[in-house]
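Notes follow once the structure below has been shown.
The values are calculated or read from the model by the stated rules, or taken from the named source; none is laboratory data. Since the structure is predicted, the reported quantities are computational estimates derived from the model, not experimental observations. Every residue, glycine as well, gets a Cβ built from its backbone with ideal geometry; the counts of neighbours run over all protein chains shown. Accessible surface areas use protein heavy atoms only, side chains included; no ligands, DNA or RNA. Shrake-Rupley method; radii C 1.70, N 1.55, O 1.52, S 1.80 Å.
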Amino acid sequence: RDTNIQETMEQKSIEVHTFASETLFPLQAYVDKVKGIEKVPGTMGAFQTLVGRMGRIENPIDAPSADDFIQLDQDHGEYGGQMLPPRKATDLPWPRNTPKEQVTPLWGPEDCTDLTPIVQGGESHALDKLRLAMKKPSWVASFEKPKTSCTSLSPSTTSISPYMSLGCLSPRTVWYAITEAINRAPASTPKSKPPVSLHGQMLWRDFNNLIAHSANQQNPGSWGHMEGNVYCRQVPWSKDTPDYLEKWKTAQTGYPWIDACMTQLKTEGWIHHLGRHAVACFLTRGDLWQSWEEGAAYFESQLLDADYALNGFNWLWLSCSGFFYQYFRCYSPVAFQQKNDKSGAYIRKWIPALAKLPDKYIYEPWKAPIAVQKEAGVRIGTDYPKPIVDHGPTSKENMSKMAYAYDLHKEKMGEMKKGTVTK
C-alpha cells in the first residue's frame, strides 16, 4: 500500500518523504542486518544481540512548525459552506443537508457513561504522563517489571502503554527520557538491565513488532492466527464449550482473582501484565482449553493499549503456542496472587459481592460454610458462581493435552526435515 501511494505521488511530481518511527529502528533495518526475513532472531536474547549491532538509536525529531511547510497558493472556495465544523468534542463534521444519523461512526456522551478510563487521549497528556513517570530517577533506574504489583489498587508501572500503542508517544522519545532519568539517579542506585528494565520493555516492543512483521512477510496475514503462522504450534483447542469463553469474558468463572482481573479489564480497559498472564493462561492451557485467538480478539476489543504485534506475541507465549514452551508451569487462579494480597483487597474492589468474606475464603469462596456466606451477605452459586472447573485435575489433564500436541509438532518437524511433508 505505502509503496503504491509513494509511486503514485512521484508520478504526479509530488515530493514524498517517509518516516519509520513506530519502532526504535525501522523493521526493515533489522531484516537487512540479518540478511533475510527468515533469519530474524526468535528469542529475546538473540534479539538483544542484534540490537547491539544496529548502532546508536537516533534521537527523536522535533515536531514540525508552520515554517517547515511550503505555503501553497490553493483555492478552497468551491468547498465553502459545504461542511459543518464540530461545535463540541463529540461532534463530527458532516455535510450540510445530511441527517446526522447517516454519518458514521455515530456516538455521543451517553456512550461514555459509567466508564473510568485510566488515561486521557492525546500527545500532550502522553508527554505529561511520561514526565511524571521520569520524575523518580531511582525508580526508573532500578525498575524490574516482574517485581511490579498486579494487585495494587493503582497502577504500579508507567501507564504509558496506551499512548505508545496509539502513536501519541514516539518510542525513541521514551527511550531517551528513560536514559536521561537513569543518568539523574544517584550512583548508589542499583541499575536494572534488559530484558526486565524499562529500556528492556522498549526492546521487547521492537522484538514483538519484528516477529509480527516476519510472520506476515512469510505468510501474509498470518499474525494473530494459529493456521499458517510460522511461529505458532498447532494445538487442538476445544470448540465444544463456547460457554467457557463467555463466562471468562463476563467474569463468571467462579475464581475471584480471575474474575476481578476481567472486571477491571472491562471497566478500565487495562490490567497489570501479570493479571493478563493469569487470565490468558486460565483461558487456554491452564483451565478452559479455549483458543488463544479468541482471547487475543477479546483483549484487542477491550484494552486501551491493545497493540497488534504485542497482543499476538503475548498470547502465543502464555498459551505455550510459541516462544515459551514450559507448559508444565501453570498459573494457579488461587495461589498465584494469594501470597501477595492475602486480604484480597483487589478482589474486594472489583467483585463487591465478595467484599465481606473473611480473608480465609476470599480466594476460594466456595469453601466458605453456609453460615459464613450468610454473614457475608453472599450465596455461592447464586450471588457469585461456583468454580467453572476444578483447577487441580483440569490443569493436569491439559498438561497431558499439551504434551500430546508437542509430540505431534515434533513428529511433523521431523517429517519436514526429511522432506516427506510440506509446511
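Taken about its Cα centre, the chain carries a charge dipole of about 2060 debye when Lys and Arg each add +1 at the Cβ and Asp and Glu each add -1 at the Cβ. Based on Cα contacts under 8 Å between residues 6+ apart, the chain shows a relative contact order of 15 percent. In the chain, excluding the sites themselves, the longest stretch lacking any of the chymotrypsin sites (Phe, Trp or Tyr not before Pro) that are in a DSSP loop with at most 14 other Cβ atoms within 10 Å is 108-323. At an R0 of 41 angstrom, the distance between the Cβ atoms of GLN234 and ASP73 translates into a FRET efficiency of 0.10. Ranking of LYS266, LYS417 by solvent-accessible surface, largest first: LYS417, LYS266 (1.4 Å probe, protein heavy atoms only, all chains present). Pop the C-beta distance of ASP359 and HIS409 into the FRET formula with R0 = 35 Å and round what comes out to the nearest 0.05. For ASP359 and HIS409, the calculated efficiency is 0.20. Axis angle, to the nearest 10 degrees, between helix 308-318 and the longest C-alpha principal axis of the chain: 20 degrees. In this label model, THR189 and LYS33 are separated by 2.6 nm, measuring between points 7 Å along each Cα→Cβ vector. In degrees between 0 and 90, to the nearest 10, how far off the longest principal axis of the chain does helix 171-184 point, with axes built from Cα atoms? Approximately 70 degrees, to the nearest ten. Fully extending the segment from GLU246 to GLU180 would add 19.2 nm, taking 0.36 nm per residue of separation and subtracting the current Cα-Cα distance. Which entries in the list LYS135/LYS266; LYS135/LYS191; LYS39/LYS418; LYS247/LYS410 go over 24 Å, if you measure between the two C-alpha atoms of each? Beyond 24 Å: LYS135/LYS266; LYS247/LYS410. Angle, helix 256-268 long axis vs. longest principal axis of the chain, Cα atoms, 0 to 90°, nearest 10? Result, in degrees: 30. Charge tally for GLU397 (other residues, Cβ to Cβ under 12 Å; Lys, Arg +1; Asp, Glu -1): +1. Residues VAL119, VAL235 ordered from highest to lowest accessible area at a 1.4 Å probe: VAL119, VAL235. Which entry in (1) 1.01; (2) 0.97; (3) 1.05 matches Rg/Rh (Cα atoms, Kirkwood Rh) derived from the coordinates of this structure? Checked against the structure: label (1). Among THR23, THR241, the order of accessible area from largest down is THR241, THR23, computed with a 1.4 Å probe on protein heavy atoms. Label sites at CYS112 and ALA20, each approximated as a point 7 angstrom past Cα along Cα to Cβ, lie 3.7 nm apart. The GluC sites (Glu not before Pro) of the stretch 116-224 that meet both conditions, a loop assignment by DSSP and at most 14 other Cβ atoms within 10 Å of the site Cβ, are GLU144. In the complete set of protein chains, residue-level accessible area for CYS112 is approximately 70 Å², probe 1.4 angstrom.
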